[in-house]
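This report refers to the structure that appears directly beneath it.
The values are calculated or read from the model by the stated rules, or taken from the named source; none is laboratory data. The structure displayed is predicted, hence computed values, not measured ones. Note: ideal-geometry Cβ built from the backbone for every residue, glycine included; neighbour counts use all protein chains shown.
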Amino acid sequence: MHTENRKVLADISPEELSMLQRVFNDVCGRKGWAIDSPAATEDAARVIHLFQHGVRSEIKLTRMLMSDTDAIAS
């Protein structure tokens, strides 16, 4: 894992990381994507970005990733 990735994940608790993983897995399943696909990789980065910018609800994260818009919480 790259150094910058470790730093990003160091600020996320194990419980939060587990929730983010659930969201990611759910969204990939709903979209029919393999978890190692380029599109899934983009959504993995997006879910972390959204979380770090204040979106803490599992439901809201899932809805935002499932939407066609690129709404970013500021």
(request) Any residue in region 23-37 that's touching a residue at least 12 places away in the same chain (Cβ under 8 Å): show its pairings with residues that are among the β-branched types (Val, Ile, Thr) and surrounded by 11 or more Cβ atoms within 10 Å (Cβ to Cβ) at Cβ separation under 8 Å, as long as the two are six or more apart or on different chains. (result) 23/47; 23/62; 24/35; 24/47; 26/62; 27/47; 27/62; 28/35
(message) Can you go through 40, 10, 34 and tell me which one is at pLDDT 95 or above and exposed (fewer than 10 other Cβ atoms within 10 Å of the Cβ)?
(response) 34
(message) Name the residue that is farthest from the chain's Cα centre (by Cα), counting only residues in region 17-51 that are assigned to a helix (DSSP H, G or I) and over 17 Å from residue 63 (Cα atoms).
(response) 38
